[in-house]
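The values are calculated or read from the model by the stated rules, or taken from the named source; none is laboratory data. Computed from a prediction, not measured in an experiment: that's the story for all the values here. As a convention, Cβ positions derive from the backbone with ideal geometry for all residues, glycine included, and neighbour counts pool all protein chains shown. Please note that ligands, DNA and RNA were not included when accessible areas were found on the heavy atoms of the full protein model with its side chains. Shrake-Rupley method; radii C 1.70, N 1.55, O 1.52, S 1.80 Å.
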Amino acid sequence: MIPELGLVALILALCLALVQATIPLAGAWLDDQSWMGLARPAAWGQFAFLLFAFACLAHAFLIDDFSVAYVAHNSNSMLPWYYKFSAVWGSHEGSLLLWVLILAGWTFAVSIGARQLPQAMLARVLAVMGMISTGFLLFLVATSNPFSRLLPNVPADGNDLNPLLQDVGLIFHPPILYMGYVGFSVAFAFAIAALLEGKLDAAWARWSRPWTTAAWSFLGLGIGLGSWWAYSELGWGGWWFWDPVENASLMPWLVGAALMHSLAATEKRGVFKSWTVLLAIAAFSLSLLGTFLVRSGVLTSVHAFATDPARGVFMLAFLLTVVGGSLALFALRAPVVKSQIGFGIWSREALVLVNNLLLSVAAAMILLGTLYPLILDSLTGTKLSVGPPYFNALFVPLMALLMTAAAVGMLARWKDTPAQWLGRMLVPAMAGSVLVALIAAVLHERSRFAVAGVCLLAAWMVLAGLRDILDKTRHTGLINGLPTLGRSYWGMHLGHLGFAVCALGAVLVTTGSVERNLRMASGTAIEMGGYQFVFLGTKRIAGPNYVSDRGAIRVLSDGVEVAMLHPEKRVYHAQRATMTEAGIQAGFTRDLFVALGEQLDDGAWAVRVQIKPFVRWIWLGALTMALGGLLAATDRRYRARVVPEAEGTHIQGVQA
């Protein structure tokens with residue numbers, strides 16, 4: 001009975017989404033206060049019904065209701081309860097339900113947290129989000145019902161959750177990633193609402209900024225969690241594989257970063273209005289593209305699921321409708337909006353433009369490398385693999401240029417910056433970064449040019465940020481001036497610091513990793529990277545839903561034990577799937593990583609041993625960027641009521 005109640009709740013949520021998508025928009029057109037007032041209660045009701053539906057599905061998992069097909073396919077009675085709960089979003093139907101729930105949650109948050117918006121603007125924003133919800137709920141109810149029954153042939157037990165997903169990282173990774181993916185719908189809704197209203201001004205940009213920044217932060221944190229999961233769970237020891245689904249999450253993150261900077265320029269100086277709207281459309285469109293790639297069956301990936309062609313066609317049609325409709329509206333309205341404000345070549349506006357171009361080109365390069373093999377295969381049947389050599393050769397130089405421009409942009413002023421003054425500000429940062437690069441080149445024996453280069457760029461960004469802080473507090477003094485700087489200012493510096501740390505970690509672990517694949521029997525020892533790894537053998541242990549051969553490897557340094565690593569080879573009962581669990585000793589400057597391969601003769605094992613320098617800095621940088629973004633999003637000035645400027649740009653034509 002409870003699953004049927006969940007399905008009824010989904011249908012009622014769809015009905016409320018239709019109301020939210022139509023009546024408030026008509027009310028804004030007709031200036032009818034009562035119709036516009038329906039936007040908030042419709043959003044609240046939709047969120048409540050979806051939360052109830054999600055609870056019904058979670059209940060079915062927790063009580064092992066295998067009469068529900070989705071539960072039978074993705075759970076098992078021996079599965080620990082916390083994995084039963086995370087199995088709710090472990091495959092297509094449940095993850096889509098989580099998607100629409102998070103979308104309704106963002107809509108609810110906007111309806112509560114954007115009270116400073118004029119009623120007509122809020123009605124348009126919520127109506128656009130209602131349209132998006134309507135599309136996804138139709139997709140869910142029509143093609144992906146998570147409450148379908150297997151009556152009367154109810155299996156005695158379930159097929160179990162995919163063993164790859166039985167990891168703590170997968171409890172948190174999808175919800176946080178979806179918070180970012182779906183969060184860009186808010187920026188998209190604000191952009192479409194502004195085009196419909198016919199006004200693109202500083203007030204619109206200010207309303208959009210905290211929501212965009214929060215979505216970007218969640219997406220970055222989700223990407224970081226996915227990278228950490230791949231590193232710790234897949235047994236390869238890599239942190240990024242340029243997998244197509246990984247690329248699908250990175251593209252909107254890059255465009256979202258460009259959108260954040262463009263919104264700042266639009267708010268402060270009234271420039272890049274059309275470009276900012278286009279970036280908002282692109283960020284959400286790329287989020288939808290990622291959803292299509294995962295759910296259409298066109299990709300083979302550890303991240304992908306759902307191979308039903310009907311679902312892929314529905315998702316593609318929805319994607320084309322959203323992208324085509326929004327671009328058509330943009331084509332009709334945006335050309336009328338022309339920024340007449342000039343700026344100098346060394347102004348912050350110019351450097352924001354450089355930032356936008358580099359991030360957009362990087363996203364386009366990834367999009368080409370991801371989609372070209374798929375398009376070529378569908379048109380000609382030719383199989384082509386685009387791998388790390390392509391992405392690294394193009395992405396790394398673009399990020400180097402981005403770091404160079406970001407440091408200059410932090411110190412540049414709006415409108416124009418005297419070149420001599422900017423040069424004097426940058427000289428100390430340049431001198432310090434060159435010194436850091438020289439020290440790194442001397443201390444690092446491998447890939448000195450690459451290490452010196454990334455140390456130069458990272459120090460360049462950090463020292464330029466410190467120089468900017470000193471400049472901002474020069475009149476009040478450092479101690480008295482620091483508290484006066486706003487949250488958005490500190491969030492900016494945390495974001496730039498996190499980017500520098502992440503880049504530093506990525507290059508250092510790529511150039512400095514040491515790896516050996518070898519045969520080890522009990523008592524065998526090897527020397528590598530200043531450590532001695534002693535294999536003590538394996539023993540059979542039983543888990544809740546698997547059996548495991550658990551190895552023991554003692555790690556010594558100068559005769560002193562520094563770690564005891566326990567890699568495992570697990571066989572899961574229900575699916576008879578074999579999985580590798582790496583043994584990892586984490587450290588601030590290096591990780592010791594050991595994974596078991598196949599069992600060989602005479603009790604020996606194939607073993608992969610790796611030393612990964614500074615790999616944790618990648619995720620530390622991602623976390624720092626996310627915290628910086630969330631801090632900036634909580635700036636108090638975004639919660640203050642904004643009166644739209646009288647000189648705001650109006651688009652001629654019919655008001656929507």
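Relative to its Kirkwood radius, the Cα radius of gyration of the stretch 86-193 gives an Rg/Rh of 1.09. Need one word for the stretch 485-600: rounded, prolate or oblate. Basis is the Cα gyration tensor (sqrt eigenvalues a ≥ b ≥ c); a/c below 1.5 gives rounded, then a/b vs b/c decides. Oblate. A 1.4 Å probe run over the protein chains yields, for the chain, 41 Å² of accessible area per residue, whole-number rounding.
On a per residue basis, the convex hull of the C-alpha atoms belonging to the stretch 17-73 measures out at 68 Å³. Loop-only check: which trypsin sites (Lys or Arg not before Pro) in the stretch 420-489 are DSSP coil with at most 16 other Cβ within 10 angstrom? Counting only loop positions with at most 16 other Cβ atoms within 10 Å, the trypsin sites (Lys or Arg not before Pro) in the stretch 420-489 are R446, R474. Applying the Kirkwood pairwise sum to the alpha-carbon positions of the chain produces a hydrodynamic radius of 26.8 angstrom. What part of the accessible area of the chain, given as a whole %, is carbon or sulfur when the probe is 1.4 angstrom? Carbon and sulfur together cover 67 percent of it. Each 10 Å bin from zero up to the one holding the largest Cα-Cα distance in the stretch 437-478 carries the following percent of pairs: 30, 31, 21, 15, 2. Placing a pseudo-label 7 Å from each Cα along the Cα-to-Cβ vector at V571 and L482 gives an inter-label distance of 5.9 nm.
Once you reduce the stretch 55-98 and the stretch 398-464 to the center of their Cα atoms, the two points are 50 Å from each other.
Given all pairs of different Cα atoms, what value in angstroms does the Kirkwood hydrodynamic radius of the stretch 211-259 take? Result for the stretch 211-259, one decimal place: 11.4 Å. By the helix-only formula, in which each DSSP H run with n ≥ 4 contributes -39500 (n - 2.57) and the sum is divided by residues, the chain has a 222 nm mean residue ellipticity of -21500 deg cm²/dmol. Residue ranges 207-219, 156-168 sort as 207-219, 156-168 when ordered by packing (mean number of other C-beta atoms within 10 Å per residue, highest first).
Would you mind putting 235-241, 452-458 in packing order, based on average other-beta-carbon counts within 10 Å, highest first?
My ranking of the peptides, most packed first, is 452-458, 235-241.
For the pair the stretch 523-579 and the stretch 331-381, the centres of their Cα atoms are 48 angstrom apart.
With one equal scatterer per alpha carbon and no solvent term, the Debye-computed log10 I(q)/I(0) for the stretch 95-156 at 0.11, 0.13, 0.19 1/Å reads -0.38, -0.48, -0.75. Taking 7 Å steps out from each Cα toward its Cβ at L368 and T511 produces label points 2.7 nm apart.
Bridgeable lysines around K268 (alpha carbons under 29 Å apart, same-chain partners fewer than 8 residues away excluded): K199, K338, K415, K472.
The shape of the stretch 321-451 can be summarised by an equivalent ellipsoid whose semi-axes, obtained from the alpha carbon gyration tensor, come to 35, 30, 7 Å from longest to shortest. Descending by average beta-carbon neighbour count within 10 Å, the peptides 280-293, 528-541, 624-637 line up as 280-293, 624-637, 528-541, the highest first. By the Kirkwood approach, averaging reciprocal distances over each pair of separate Cα atoms, the stretch 1-145 gets a hydrodynamic radius of 15.7 Å. The calculated FRET efficiency for the pair Q420 and K268, based on their C-beta separation and a Förster distance of 22 Å, comes to about 0.40.
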